[in-house]
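Below is one structure, written out as structure tokens; comments come after it.
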Amino acid sequence: MEAISRGVLVGYALALLFLSGVDVVLLKMVVVAAKQSQSLLDDVLFLSASSMAFYLLPLVSAGIGVNLLSFSITQHLRVSP
């Protein structure tokens, strides 16, 4: 089994962080659009307390990205005997 290179790992981590940021921005845009629409269904879905569940995916993906990034940094800083 081959090890993944540090550059690829950092690239994946930064991509996850970027995508989670884009996801949060898009969710905020959807909430604004839901406030302006006449439909009651999107009000129930995006303006209620259950809408916090939509923020779980970017939170998890950002957490994984930070974890990968910190793993890469600690491996780089590890002193080899």
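The values are calculated or read from the model by the stated rules, or taken from the named source; none is laboratory data. Not measured: the values here are computed from a predicted model. For neighbour counting, all protein chains shown are included, and Cβ atoms are generated from backbone atoms with ideal geometry for every residue, glycine included.
Within segment 60-81, the set of residues being surrounded by 13 or more Cβ atoms within 10 Å (Cβ to Cβ) and under 10 Å from Ser20 (Cα atoms) comprises Ser61, Ala62, Gly63, Gly65.
Scan Val44, Val10 and give me the residue that is in a helix (DSSP H, G or I), β-branched (Val, Ile, Thr), surrounded by 11 or more Cβ atoms within 10 Å (Cβ to Cβ) and at pLDDT below 80.
On inspection, the qualifying residue turns out to be Val44.
Within segment 26-36, the set of residues being loosely packed, with under 12 Cβ neighbours inside 10 Å and at pLDDT below 80 comprises just one member, Lys35.
Look at (1) assigned to a helix (DSSP H, G or I); (2) at pLDDT 80 or above; (3) among the β-branched types (Val, Ile, Thr) and you find that Ile4 fails only one, number (1).
If only residues of segment 54-72 that are aliphatic (A, V, I, L, M) and modelled with pLDDT under 90 are counted, the one that is nearest to Leu9 (Cα to Cα) is Leu57.
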